[in-house]
């Protein structure tokens with residue numbers, strides 16, 4: 001059996017699990033825990049260095065490589081599906097180790113770079129990032145440490161959405177567009193004169209909504225003058241033409257009434 | 001638990017709870033700390049006094065205590081949700097124009113001229129705005145309603161009567177358009193000027 | 001507008017707004033009342049002082065000012081809800097830390113430093129939370145995406161800007177410096193291109 005030393009099997013809730021159970025039985029859950037213990041080979045390597053109270057700069061490559069390999073072997077022994085990343089690191093350590101062991105050619109001295117330099121740089125950077133991760137975890141976090149404060153308000157309910165604005169010019173343009181669509185522009189030339197008539201038509205119809213019968217004379221307002229009388233008269237003729245009203249005179253020389261056509265039917269049926 | 005801590009905690013709870021919290025809920029919330037009802041009451045009273053003159057106040061409503069904004073601030077706060085006015089659709093404007101220029105008119109007449117059906121939403125919007133109203137029915141099968149514009153419509157557009165409606169411009173789609181050619185020419189000139197900069 | 005009224009209004013606004021409000025948003029909100037930036041600043045300072053010792057505090061985060069509960073009360077307030085707050089894995093925190101402290105950074109850079117391949121789940125989680133975003137591409141073969149943190153990230157951790165992150169050692173410089181300098185230059189170019197879009 002492999003010598004264990006005090007290699008941890010992993011960490012459970014931040015505490016290193018140092019001893020493998022005597023009977024070598026590891027519950028399946030624990031296996032996964034071990035796998036997930038280290039965030040990767042850099043994490044493991046850093047742990048090994050820190051545990052031995054070694055300096056990253058003076059990275060003692062031999063013992064570290066040995067320990068790392070032991071750990072990896074142990075994981076293999078436990079039939080853990082080892083992440084390829086751990087093996088990549090193992091290969092890297094082995095390479096550095098072999099380069100350290102080779103005698104250095106004196107002529108190359110100027111270009112000679114410590115084979116550990118790159119790994120040391122990475123380890124230091126990784127250590128810095130681990131610290132950063134720790135800082136982030138310690139920062140106050142929304143929904144864990146603090147909650148956004150809100151007060152109730154009824155102000156929102158009183159907000160009225162503003163009504164769209166329309167300018168007169170847009171209306172004329174829209175009319176022109178509508179008529180263009182119908183290719184009816186020529187036959188529907190709208191004259192200002194006629195608009196007064198149409199307005200009067202609407203007014204007479206509106207009056208008929210409330211009063212079923214209107215005296216013709218009531219529709220002529222003397223204060224409007226001759227022009228007003230003409231407009232009213234034209235409106236009545238137009239309404240008759242469009243079959244919207246009826247003009248009735250029961251007997252000659254009696255009052256002429258303007259009624260809704262519907263009214264006629266009502267009277268004739270009763 | 002110190003009363004000062006309890007006060008901070010209750011204050012924070014009232015500001016984050018989705019609904020008002022009752023005295024009882026607060027007592028229950030601090031069951032582990034053996035907080036008494038008397039202490040909760042005391043804290044609530046203190047908080048109500050603290051916030052008396054602030055922008056938000058602690059109010060006791062039917063379902064409990066909650067913080068809410070001072071009622072006087074309604075208008076200023078409401079601006080947060082004030083939307084920019086939208087624009088009416090072309091369909092609505094054309095419908096309104098047809099009613100204005102061709103009144104009294106039925107929905108069928110409008111549909112015939114526009115070649116598409118008029119949505120009830122448009123008619124409803126125009127009626128709610130007070131710009132059109134039903135002035136009668138055409139005595140044909142179905143008795144369709146006759147629409148006309150209202151005096152609110154005239155007021156909105158500052159018109160004394162319909163005869164003041166502008167004459168209808170030539171539609172922009174026809175071929176013989178001296179105005180449009182001139183416009184294009186101007187655009188090119190403007191573009192050139194920009195390029196020369 | 002009296003400063004006392006302005007204070008009440010700003011206090012209320014900060015308590016009802018859906019997101020933090022910036023000084024500028026507040027100045028704009030009171031445009032009709034001719035409120036100056038100086039007055040808004042003054043009120044914000046006063047409010048921060050008023051709430052210093054209360055259960056909620058006025059905090060300046062990346063996207064503006066907001067009221068939030070004291071961090072010490074997290075546990076007590078958390079009881080309001082059934083679910084326990086999420087705990088993030090070491091792998092996720094390390095990835096996030098790399099992006100936060102070394103941005104803009106590619107996935108390759110992250111993998112190189114962490115010594116493991118970055119899981120897509122982690123990147124997806126970080127993006128879904130709105131904490132990281134792609135800010136450009138490094139102009140090397142494959143044009144890998146450059147990641148950076150967002151203001152939502154800062155808001156979540158109650159930070160105003162990246163300089164408020166607790167310091168960590170600077171990355172050690174390597175022997176092959178020229179390459180790295182060129183790389184940094186490219187990153188800046190990429191970032192600028194994104195900003196101009």
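Just a few scattered comments:
- Only helices (runs of 4 or more DSSP H) whose full extent lies in segment C:92-197 are considered here, and the ones with at least 2 residues that are more than 18 Å from residue A:42 (Cα to Cα) and modelled with pLDDT of 85 or more are C:120-128, C:151-156.
- Of all residues in segment A:228-250, those that are without any contact (Cβ under 8 Å) to a residue 24 or more places away in the chain have Cβ atoms under 7 Å from Cβ atoms of residues that are part of a helix (DSSP H, G or I) and surrounded by fewer than 16 Cβ atoms within 10 Å (Cβ to Cβ), 6 or more apart or on another chain, in A:246/A:264.
- Residue match in segment B:42-56 (condition: closer than 30 Å to residue B:122 by Cα and modelled with pLDDT of 90 or more): no
- For residue A:159, the test of being facing chain B (nearest Cβ under 9 Å) and within 26 Å of residue C:15 (Cα to Cα) is passed.
- For segment B:63-87, filtering for residues that are facing another protein chain (nearest Cβ under 7 Å) and either under 15 Å from residue B:153 (Cα atoms) or part of a strand (DSSP E or B) (or both) leaves 4.
- Filter result (surrounded by fewer than 20 Cβ atoms within 10 Å (Cβ to Cβ) and at the interface with another protein chain (Cβ under 7 Å from one of its Cβ atoms)) within segment A:131-146: A:131, A:135, A:137, A:139, A:140, A:141, A:142, A:143, A:144
- Residues that are within 19 Å of residue A:213 (Cβ to Cβ) and touching a helix residue (DSSP H, G or I) at 6+ places or on another chain (Cβ under 7 Å), drawn from segment A:224-235: A:232, A:235
- Scan of segment C:111-126 for residues that are away from every other protein chain (no Cβ under 12 Å) and either more than 14 Å from residue C:156 (Cβ to Cβ) or touching a residue at least 60 places away in the same chain (Cβ under 8 Å) (or both), ordered by number: C:120, C:121, C:123, C:124
- Just one of the numbered conditions (1) on the phi > 0 side of the Ramachandran plot; (2) at pLDDT below 95 is not true of residue C:64: (2).
- Taken together, the criteria place residue B:51 among residues that are more than 9 Å from every other protein chain (Cβ to nearest Cβ) and under 19 Å from residue C:47 (Cα atoms).
- Residue B:48 touching a strand residue (DSSP E or B) at 6+ places or on another chain (Cβ under 7 Å) and assigned to a helix (DSSP H, G or I): yes
Conditions (1) crowded, with 18+ Cβ neighbours inside 10 Å; (2) at pLDDT 80 or above; (3) within 11 Å of chain C (Cβ to nearest Cβ), marked per residue:
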residue	(1), (2), (3)
A:87	no, yes, no
A:93	yes, yes, no
A:118	no, yes, yes
A:129	yes, yes, yes
A:148	yes, yes, yes
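- Scanning segment C:65-94 for residues that are touching a helix residue (DSSP H, G or I) at 6+ places or on another chain (Cβ under 7 Å) and touching a residue at least 12 places away in the same chain (Cβ under 8 Å) returns C:65, C:66, C:67, C:69, C:70, C:73, C:91, C:92, C:94.
- Meets criteria (surrounded by 15 or more Cβ atoms within 10 Å (Cβ to Cβ), facing chain C (nearest Cβ under 9 Å) and without any contact (Cβ under 8 Å) to a residue 12 or more places away in the chain) for residue B:8: yes
The values are calculated or read from the model by the stated rules, or taken from the named source; none is laboratory data. Owing to the predicted nature of the structure, the values given are computational and were not obtained by experimental measurement. Reconstructed Cβ throughout: ideal geometry from the backbone, glycine too, with neighbour counts over all protein chains shown.
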